[in-house]
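Please read the structure below before turning to the comments.
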Amino acid sequence: MTENIIYEQPLNERIRTFLRLEFLFEQASRHLHGADQWDSRSTLNSLLDILSIFGRTDLKTEVLKELDRHTGTLAKLRQNPDVDHQRLQQILDDLDGLNQKLHASDGPIGADLKKNEFLGSILQRTAIPGGTCDFDLPAYHYWLQQSNEIRTRDLADWLSRFESIARSIQLILKLVRQSAVLKPVTAESGFYQLTLDSSLPCQLVRVAVKTNVPHYAEISGGRHRFTVRFLTPEKDTGHARQASDNINFEMGCCVI
């Protein structure tokens, strides 16, 4: 069976931030237990990006609002006899448990890491191309020469500050994605547009395309409508041109 490539486009700033953090948490997790210093560099780079995002907005409050909103929405389903009540209760318990953990955490998440001079010195240099070379940051170079066990221990300790909020974001995005069933549609001459129902605000557009389709999907949109264009990359120039044929794909608009 031919597999799909999933393309996603957030339609509000909150989901956009959550998707970026989901990506960074996953990237950090994948490299955390790597054996060499390049894995440690990748993990630390992800951690610094996470810290930068947390420094721009009160994400703890944003996540708590989303947990409460999903709890309220799902609690209404208790009266529906067609719902799997055991599964529903498990999700509600997970939402409540994460809510309690975030409320129990004191102050802004990761606040102590923002005061960490070692991490701060690396963060300052990341804006410079090649700015984290050995001669630029001797303390960083020294840390990278420590054993894998020491580097992994330090990285896991720093990342642990974000464990509850990372799990919360993961659950929120899972619920959002599962709120829409992907349905078959056609992009005529590589173009598809849909006007959205303002009474049911879409948070996330998901597009599934067969891997054997020689085009990629470019999604753009806002609160009122979105478009999907299928483009063909040209290897030599890097330029992409819009497909001229009709493209069959699957699409879902997540409104929960």
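The values are calculated or read from the model by the stated rules, or taken from the named source; none is laboratory data. Computed from a predicted model, the values in this text were never measured in an experiment. Cβ atoms come from the backbone with ideal geometry, glycine included; neighbour counts cover every protein chain shown.
Listed by first and then second residue, the pairs with beta-carbon distance under 6 Å, at least 6 apart or on different chains, first residue in segment 143-154 and under 16 Å from F118 (Cβ atoms), second among the basic types (K, R), form an empty list.
Among the listed residues L196, L200, L173, which satisfies the condition of being crowded, with 18+ Cβ neighbours inside 10 Å and at pLDDT below 95? Show your work before the answer.
Values: L200 fails: crowded, with 18+ Cβ neighbours inside 10 Å; L173 fails: at pLDDT below 95.
Selected residue: L196, the only one of L196, L200, L173 that is crowded, with 18+ Cβ neighbours inside 10 Å and at pLDDT below 95.
Among the residues of this structure, V63 counts as one that is crowded, with 18+ Cβ neighbours inside 10 Å, among the β-branched types (V, I, T) and either over 18 Å from the mean Cα position of the chain (by Cα) or farther than 28 Å from D134 by Cβ (or both).
What do you reckon, is L102 surrounded by 17 or more Cβ atoms within 10 Å (Cβ to Cβ), modelled with pLDDT of 95 or more and assigned to a helix (DSSP H, G or I)? Full working, then the answer.
Details: surrounded by 17 or more Cβ atoms within 10 Å (Cβ to Cβ): yes; modelled with pLDDT of 95 or more: no; assigned to a helix (DSSP H, G or I): yes.
No; evaluated as a whole, the condition is false for this residue.
The residues in segment 197-256 that are over 18 Å from R16 (Cα atoms), part of a strand (DSSP E or B) and of a type in the set (S, T, Y) can be counted, and the count is 2. Within segment 207-223, how many residues are surrounded by fewer than 16 Cβ atoms within 10 Å (Cβ to Cβ), over 23 Å from the mean Cα position of the chain (by Cα) and closer than 26 Å to V181 by Cβ? Of the residues in segment 207-223, 1 are surrounded by fewer than 16 Cβ atoms within 10 Å (Cβ to Cβ), over 23 Å from the mean Cα position of the chain (by Cα) and closer than 26 Å to V181 by Cβ.
Scanning segment 47-62 for residues being farther than 13 Å from S168 by Cα and assigned to a helix (DSSP H, G or I) gives a total of 8. For beta carbons closer than 7 Å, sequence separation of 6+ or different chains, a first residue in segment 63-88 that is part of a helix (DSSP H, G or I) and a second that is small (G, A, S), the qualifying pairs are V63/S168; L67/S168.
Given the criteria in contact with a His (Cβ under 7 Å, 6 or more places away or on another chain) and outside any loop (DSSP other than H, G, I, E, B), does T186 qualify? It would help to see each step written out before you state the result.
Values: in contact with a His (Cβ under 7 Å, 6 or more places away or on another chain): no; outside any loop (DSSP other than H, G, I, E, B): yes.
When the stated conditions are applied, T186 does not pass them.
For G97, are the conditions met, namely being modelled with pLDDT of 90 or more, more than 28 Å from L200 (Cβ to Cβ) and either in a helix (DSSP H, G or I) or among the polar types (S, T, N, Q) (or both)? Show your work before the answer.
Details: modelled with pLDDT of 90 or more: yes; more than 28 Å from L200 (Cβ to Cβ): yes; either in a helix (DSSP H, G or I) or among the polar types (S, T, N, Q) (or both): yes.
Yes; evaluated as a whole, the condition is true for this residue.
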